Each structure stands twice: as structure tokens, then as C-alpha cells.
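Trainee: Just passing along the structure, written as C-alpha cells.
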Amino acid sequence: YNYFALKSGNGTGKTATLALSILWLMSTHPMCRIQCTAPSEGQLFQGLWAELDKWLRASYTLKDSILWTQTKVMMRGYEAGWWAYARTAQAKPGSQASESLQGVHSENNMAVIDEASGVEEGATAAVLGMLATGKSKVIMAGNPIRKSGLFYDAFNKDKHNWRRLHFNSEESPIVDEKYVERIVEKHGEDSDEYRIRVL
């Protein structure tokens, strides 16, 4: 599979999975170009980009070969053509979000979509458009909060094209049991909140 979709409850490591996927591709596929997006700047930079920084700092080897900046991570010595770039999917007034995500092509492309259920249809269409050439991959993750869009379709009508993963917060060794208990206590096990945030 080249297309991966991960739906999950909270706290299971979705963002860490995406960050490690970026570092894996950068380490194993020369001259790759990775477009990374999320519904808002806060989700992209305080979530995914901060997670990338964390794993780079923890690595004895990658931090010497990959340069991290506020919007881009690059292979040292190949900064112009071997990179991952953060571009928010949130449209600025008077512009289309999809315009900022178009026009990137290389032999090894990857699109990374964090909080994918909240990314607008136009932005996901633009990201997928970059996959027309090369050995392209897509990995997206999020809580299943919407019943439409690319993320929803990956688990429903388009599921035959996707390798689908599901992380349940109740089964995760890194999710605090008290978190699950609080969600159940506040919303009940029959609630959408429980299904989205836990299951």
C-alpha cells in the first residue's frame, strides 16, 4: 500500500506516527519531497512540527543529517530538493488553501495530513494532485469527526485503495485510563464524543 489512513482516539500516538513516517521517508528515499498539512497553523506547528523536532533531538544520527526549521526539514547539503515542508490547509482571506499546496512533484513524493478529518476538501484534492508523478505515498491521521471528505471516504466508499489503521485509546498502553474514565463519566459510552475521542 502507498496510501495509509489512521483513525484513532486521543493520546495514542497519531502525531508521533506521522513524524516518524516523515523521518523514515527522508532517511530512505533520496531527494524526496514531503508536503505536510493540517487544518490550522496551530495544529500543524504545535503538533506535527514540534513532534518532528522532538524525534530529531532524540536521534544520535538524524539530527546530524536533517536540518529542522520553523517550516521545513531538509537533508543537509541537499536543502533545495530533499525536504518536508509544512503548509497549513487553512485558507487565508482572499485565497484558496489548495493553491498553496499545488505544484510539487518529484520521484519520491509523500503527502502527510494531520488531523485529516478537519482538512477541507479543496486542500486534500490539491495534495493528492501532487501524487500524479513518481512513487507517491499518502499518510493521514485524525479523529473521525466528520462524515464526509477524503479521510471519511478512506474508511468507507474508497477503502479498497487505502491501508487502514485503527488505534483505540482504551487499548493503548500510553493513554491514561483516567482519561477514558472521564470521557465515559462526562458523555457516556453511547455518545459520539466517546466514539470519536476514545474508540
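Trainee: Any lysines with Cα under 19 Å of the LYS63 Cα? List them, leaving off those in the same chain fewer than 8 positions away.
Mentor: Filter leaves LYS54, LYS72.
Trainee: Go through SER8, SER117, LEU25 and say which Cα lies farthest out towards the positive end of the charge dipole of the chain; charges sit on Cβ, +1 for Lys and Arg, -1 for Asp and Glu.
Mentor: Value: LEU25.
Trainee: About the Cα centre, and with charges only on the beta carbon of Lys, Arg (+1) and Asp, Glu (-1), how big is the dipole of the chain? Nearest 20 debye, please. Don't skip to the answer; put the middle values down first.
Mentor: On the way: 23 positive and 23 negative charges, 112 e Å.
Rounded to the nearest 20 debye, it is 540 debye.
Trainee: Please report the antiparallel percentage of DSSP beta bridges with both residues in the chain, rounded to the nearest 5. Walk me through the numbers before you get to the answer.
Mentor: On the way: 6 of 30 bridges.
Counting only bridges with both partners in the chain, antiparallel ones make up about 20 percent.
Trainee: Hand me the tally of lysine pairs in the range 111-199: alpha carbons under 19 angstrom apart, and the pair either on different chains or 8 or more positions apart. Let's see the in-between values first.
Mentor: Numbers: LYS137/LYS159; LYS147/LYS157; LYS147/LYS159; LYS178/LYS186.
The result is 4.
Trainee: Take every Cα-Cα pair in the chain and report what % of them are more than 27 Å apart.
Mentor: Numbers: 5833 of 19701 pairs.
Roughly 30 percent, once rounded to a whole number.
Trainee: Give me the percent of the accessible area of the chain that comes from carbon and sulfur atoms, probe 1.4 Å, all protein chains in place. Present the calculation step by step, with values, prior to reporting the outcome.
Mentor: Numbers: 5170 of 10440 Å².
The value for the chain is 49 percent carbon and sulfur by accessible area.
Trainee: Find the accessible area per residue for the chain; the probe is 1.4 Å, ligands and nucleic acids are left out, and the unit is Å². It would help to have the intermediate numbers written out before the result.
Mentor: Working: 10440 Å² over 199 residues.
So the chain comes to 52 Å² accessible per residue, rounded to a whole number.
Trainee: With Cβ to Cβ distances under 14 Å as the rule, what net charge do the other residues near LYS137 carry (K, R +1; D, E -1)?
Mentor: On the way: positive: ARG33, LYS135, ARG163; negative: GLU107.
Net local charge, LYS137 excluded: +2.
Trainee: So how tilted is helix 177-187 from the main axis of the chain? Cα-based, degrees 0 to 90, rounded to 10.
Mentor: It works out to around 60 degrees.
The values are calculated or read from the model by the stated rules, or taken from the named source; none is laboratory data. Note that the structure is predicted; figures quoted are calculated from it, not measured. Glycine also receives a Cβ, built like all others from the backbone with ideal geometry; neighbour counts cover every protein chain displayed. Accessible surface areas use protein heavy atoms only, side chains included; no ligands, DNA or RNA. Shrake-Rupley method; radii C 1.70, N 1.55, O 1.52, S 1.80 Å.
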